[in-house]
Amino acid sequence: MYTSPITIPQQITTPDLVKFLPHRGKMFLLSRVIQHSCENHSITTEYDITSGCIFYEAALGGIPSWVSFELMAQSISALIGIENKKKGKPPLPGFILSVSNFKAGIESFQNGSTVRMHVQEEFTADTVSQYECTCFEQQNLKSPAVTAKITVMGTNDLKYFFGENSNEKRIKKN
């Protein structure tokens, strides 16, 4: 039986974007997808900084630059969600295993500004993937404000990791 391929627009805004990520409420930290490529395993997203952001710090007048690792991780989640949607699968939870080579050239992203993230998969082995990630300030899209490598692991079964006696189950399976 032939099933027509699922077409997903290049630009996706928040009302539709929530369908691709497991994040909800104040922990949903993406405003839009600008571009994505399932073939190249890359995505470009944006987040509009407001004082309503869960990480907002009045003393900084914005969000600390270290928060960008979560923005990058949610961009990864959006890419994986888009890839899964094309395969007819729901958004799946995942875990950040590591953030390495984190370099920030700024202290914070200011209220009223937009942060642009670009994520490019470097490799995948089974359920673990590593991504090269960059964040840009709205006014400077040529020079990254923050860079990092983020390693993530996807899962189909959260109960395996967090269910009752989950550690005992893993030990018995091995």
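The values are calculated or read from the model by the stated rules, or taken from the named source; none is laboratory data. Here the structure is a predicted model, which means the values were calculated and not measured. Note: ideal-geometry Cβ built from the backbone for every residue, glycine included; neighbour counts use all protein chains shown. When the accessible area is computed, the model is the full protein with side chains, heavy atoms only, and any ligands, DNA or RNA have been set aside. Shrake-Rupley method; radii C 1.70, N 1.55, O 1.52, S 1.80 Å.
Okay, residues lined up against (1) more than 15 Å from residue 28 (Cβ to Cβ); (2) touching a helix residue (DSSP H, G or I) at 6+ places or on another chain (Cβ under 6 Å); (3) modelled with pLDDT under 95:
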| residue | (1), (2), (3) |
| --- | --- |
| 58 | yes, no, no |
| 64 | yes, no, no |
| 69 | yes, no, yes |
| 78 | no, yes, yes |
| 86 | yes, no, yes |
| 90 | yes, no, yes |
| 96 | yes, yes, yes |
| 103 | yes, no, no |
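Could you tell me which residue of segment 97-127 is farthest from the chain's Cα centre (by Cα), considering only residues that are surrounded by 15 or more Cβ atoms within 10 Å (Cβ to Cβ) and of a type in the set (A, V, I, L, M, F, W, C)? Quick ask: steps written out before the conclusion?
Pass one, segment 97-127, residues surrounded by 15 or more Cβ atoms within 10 Å (Cβ to Cβ): 99, 102, 104, 106, 108-111, 113-121.
Checking which are of a type in the set (A, V, I, L, M, F, W, C) leaves us with 99, 102, 104, 106, 109, 115, 117, 119.
Working: 99: 13, 102: 16, 104: 18, 106: 20, 109: 17, 115: 13, 117: 9, 119: 8 Å.
For segment 97-127, the residue satisfying everything is 106.
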Completion exercise
So, first residue at pLDDT 80 or above and open to solvent by less than 40 Å² (accessible area, probe 1.4 Å) in segment 8-19, second residue assigned to a helix (DSSP H, G or I) and of a type in the set (Phe, Trp, Tyr), Cβ within less than 8 Å, six or more apart or across chains; the pairs are 12/20
Practice task
Just name the residue that is most open to solvent (accessible area, probe 1.4 Å) out of those in segment 20-62 that are among the aliphatic types (A, V, I, L, M) and under 16 Å from residue 113 (Cβ atoms).
Solution key: 58
Exercise for the section: With the checklist (1) open to solvent by less than 50 Å² (accessible area, probe 1.4 Å); (2) over 15 Å from the mean Cα position of the chain (by Cα) in hand, flag the one item residue 76 doesn't pass. Expected result: (2)
